[in-house]
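In what follows, a single structure is set out as structure tokens and then discussed.
The values are calculated or read from the model by the stated rules, or taken from the named source; none is laboratory data. Worth saying up front: this structure is predicted, and the values here are computed from it rather than measured. FYI the Cβ positions are ideal-geometry reconstructions off the backbone, even for glycines, and counts take in every protein chain you see.
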Amino acid sequence: MSFSRGGPGSDSVDGLSKRAVGDGGDPLPAGFRLDSSRSARSDEVDTLVAEADYQADANRSFLSRLYTGTGAFEIVGHRKRWYLVTGVILGICLLSMVVRGFTFGIDFEGGTQVSIPATSASVSVDRVEKVFAQTLGGGPETVQSAGSGAAKTIQVRTEHLNEAQASRVMDALAAEFAPELTRADVSSSDVSSTWGAEITRKMVIALIVFLVIVTIYIAIRFDKEMATASLASLFFDVIVTAGVYSLVGFEVSPATVIGLLTILGFSIYDTVVVFDKVEENTRSFMKTYRRTYAEQANLAVNQTLMRSINTTVISVLPIIALMVVAVWMLGVGTLQDLALIQLVGVVVGTFSSVFLATPMLVSLKERNTEIAAHTKKVLTRRTRPGAGEPVPADRTGGRHAAAGVGSGAGVETGAARPTGKRRRSR
């Protein structure tokens, strides 16, 4: 095979770049072009140059490759593994919701709340719970502290108590903590089951309205496959967040519902960011045989991975601050419901947009006959004798096995797959 020297206006070698500029390992030196009149295998070399022009820079550190988006982290190619992981997570969460259920707060189920000032060190959650159990013969549903300093209180929530039962409990608490507390310091309030049912109804309506609006937006914004993958990711976030809440056993309150709606918006945002990059990378991929749809989508995930991580960290930091300052330092126990669901939702939303939404999108796209034919042609060109680009058995998630590859253009077998890093001379 021979090459001819090209000047500044040299023809394109791979159809996408003016010249194959490399560091000595590229098939063509800088400034050379193919001489089709003296080459019977220019098609194979064209494929070789196109593939060798994009490789991961192994000399960079892990963090550097992650930051630049050229780490070649194989996510889409291992999508069966991620399907298994998400399936296990979903199974655990669904099982917890069926077996353990949820601990609904007084705002949803109705009941009685007794409040005791905790200005004295002798007034503690354990002692309050013990007095309550001894007085009525059974423990309350929840006992938690709220506030700090002179405003600190201990709140006891239980099923509805009649007037006589509530009076007995308040008398017993006043006697237990006398003289620091008097009967007038202990108070009780009731929330009817009708009010709880109304709150539940409004919660369900708010969730349904949100999902309907999001579904309409996604249907308009994306094509059929992207919309399906986005909605699957969204419902995964809802189920897993609710499942974790069931596993932990935290009380479901109105703050929980507010937090859920908040993190669902975050999940949609992260998925839209990733899919925007996928659309950009795959806009004209059918016009060349450089990469498959799966490889372009995997490149998009790599290019947005650092952004997803940064967004998650920035979102999680104030939530952790809320848990540390408000819950542990100030003792506002009611805020732990909001903090937990937001923390879980942000992490789960990032996971689903990277490891579920994009792999599922690729699986759905590969059912398209045109994309499937394009993928087959790309892989066939790489396995031609002399193409110099062997196909590892797992490069497409195990769907395509590698055939025998010859030496052809003189490039060693086992060459790296295209990953998104353009090698340049140094």
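Couple of notes before you dig in:
- Verdict on Pro117 being in contact with a helix residue (DSSP H, G or I) (Cβ under 7 Å, 6 or more places away or on another chain), in contact (Cβ under 8 Å) with a residue 60 or more places away in the chain and surrounded by 15 or more Cβ atoms within 10 Å (Cβ to Cβ): yes
- Among the residues listed as Ala206, Ala184, Ala197, Ala219, the single one being assigned to a helix (DSSP H, G or I) and either crowded, with 18+ Cβ neighbours inside 10 Å or modelled with pLDDT under 80 (or both): Ala197
- The residue that is farthest from Leu90 (Cα to Cα), among those in segment 222-256 that are outside any helix (DSSP H, G or I) and in contact (Cβ under 8 Å) with a residue 12 or more places away in the chain, is Phe222.
- Val169 surrounded by 14 or more Cβ atoms within 10 Å (Cβ to Cβ), more than 42 Å from the chain's Cα centre (by Cα), assigned to a helix (DSSP H, G or I) and not assigned by TED's automatic domain parsing to the domain that holds Met360: yes
- Test: residue in segment 370-387 that is among the acidic types (Asp, Glu) and buried (at least 17 other Cβ atoms within 10 Å of the Cβ): no
- Some residue of segment 227-235 being within 30 Å of Thr119 (Cα to Cα), out of contact with any Ser or Thr (no Cβ under 8 Å at 6 or more places or on another chain) and either surrounded by 18 or more Cβ atoms within 10 Å (Cβ to Cβ) or not hydroxyl-bearing (Ser, Thr, Tyr) (or both): no
- Search result, residues across segment 243-280 that are aliphatic (A, V, I, L, M) and farther than 30 Å from Glu109 by Cβ: Ile268, Val272, Val273, Val274, Val278
- Test for Ser267: is it of a type in the set (Ser, Thr, Tyr), surrounded by 20 or more Cβ atoms within 10 Å (Cβ to Cβ), within 25 Å of Val88 (Cα to Cα) and touching a Ser or Thr at 6+ places or on another chain (Cβ under 6 Å): no
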